[in-house]
1. Expected output is a single nm value to one decimal: the length gained when fully extending between GLU256 and LYS269, i.e. 0.36 nm times separation in residues minus the C-alpha distance. What is it?
2. So between ASN67 and LEU40, what do we pick up on full extension, going 0.36 nm a residue minus the alpha carbon distance?
3. So if R0 is 30 Å, what FRET efficiency would ASN49 and GLN99 give, r being the distance between their Cβ atoms, rounded to the nearest 0.05?
4. Just the Cα atoms of the stretch 1-111, one point each, no solvent: what log10 I(q)/I(0) does Debye give at q = 0.16 Å⁻¹?
5. Can you give me the Cα centroid spacing of the stretch 45-123 and the stretch 196-267 in angstrom?
6. Determine which residues of the stretch 56-76 fall in the zone a paramagnetic label at PHE117 would reach in this model, i.e. backbone nitrogen under 20 Å from the point 7 Å along Cα→Cβ.
7. At 1.4 Å probe radius, can you tell me the per residue accessible area of the stretch 22-67 in Å²?
8. At 0.36 nm per residue, minus the direct Cα-Cα distance, what do LYS91 and LEU31 gain on full extension? Give it in nm, one decimal, please.
Amino acid sequence: MVTILLTFQVLICRNYKGDVDMAEIDHFLPLLLQQEEEGLLSPAITRGNVHFLWIKHSNLYLVATTNKNSNAALVYAFLYKLVEVFTEYFKELEEESIQDNFVVVYELLDELMDFGFPQTTDSKILQEYITQEGNKLEVAKSKVPTTVTNAVSWRSEGIKYKKNEVFIDVIESINVLVNANGSVMSSDIVGSIKLKTMLSGMPELRLGLNDRVLFTLTGRDKGKSVAMEDVKFHQCVRLSRFENDRTISFIPPDGESELMSYRINTHVKPLIWIESVIERFSHSRVEIMVKGGKEFLMRAHFGLPSVENDEKEAKPPITVKFEIPYFTVSGIQVRYMKIIEKSGYQALPWVRYITQSGDYQLRTNS
């Protein structure tokens, strides 16, 4: 059973298998509030033999209810997928969007899951036959897109563009924690490759990276290669092909999608360095000087009310936000993008590299 509710009322509920009493959801919020008061809040709450697995989005709770030893990871993945799909449809997932679109919400719940098992969860495919216009809902019931039963469930047939292009964004976020002495305590790189595909037909794409494992298999120089960890692919990638020869081969979704994500566990030298000096001249005056390398210098003066505090003041770290175009700190590169389509058309791939701050913090002595 999947339920969407506010802190005081149930908005919508769908019981897929009928093995959990609909009235059980009435116990969820009291149990949740009790756990909050006791400081024992848990993502899974149990009452008797019924388990409530829940997430919170905005002012809504999305709750899955089961009385079996279900796959919790799958349940949570489905709940977050609900949020993603509803946000695609309604722009904002909140009380008003649910109340204004009851019919569409029920249609989506019925298509997203069938008898307790996730079914069609790709919002682009769902939008082909479940729309927000009521008259289209009736027409759509008579014809289900082939993507629902097709092996390539993430892409529709018959897509046509006047100009065939694919845009590739390689985006890396740097996580760095530097102590007050200037030593890097922890660092890693989290990357993703995102696509914007505007290709006709049903093309097959092959992406080549300077992957260290691939270079080892082929006997190439490993000096300019990158060792990726925790690689996660979109469902369109042929995993068996990648495991055999590290070829990233796929039929892409139309439009925007994340092809893959990865992590690089390596020592990262801070790209941006900041020094700060805080001087307290009296009970009512503080001067803060922040210096960034040799390029920028900021001095701020604050006039404060005369208030004394016997407690030791906290020393929060400096958090840095930045974005550097045309650069990846790991050195990852797109070596090639081959586009193969039976009609033989020519297509242009475009590549863009971006490095940005993730959790980038520098501790201070001041």
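1. Numbers: separation 13, 0.36 × 13 = 4.68 nm, distance 3.22 nm.
Net length gain for the segment: 1.5 nm.
2. Contour length minus Cα-Cα distance gives 7.5 nm.
3. Numbers: r = 32 Å, r/R0 = 1.08.
E between ASN49 and GLN99, to the nearest 0.05, is 0.40.
4. Values returned for q = 0.16 Å⁻¹ are -0.71.
5. So the separation of the two Cα centres works out to 31 Å.
6. The answer is 65-76.
7. On a per-residue basis, 52 Å².
8. Going from the current span to full extension adds 18.5 nm.
The values are calculated or read from the model by the stated rules, or taken from the named source; none is laboratory data. The shown structure was predicted, so the numbers you read here are calculated from the model rather than taken from an experiment. A quick note on method: Cβ atoms are made from the backbone with ideal geometry, for glycine too, and the neighbour counts reach across all protein chains shown. We work out accessible area using only protein heavy atoms, side chains counted, and drop any ligands, DNA or RNA first. Shrake-Rupley method; radii C 1.70, N 1.55, O 1.52, S 1.80 Å.
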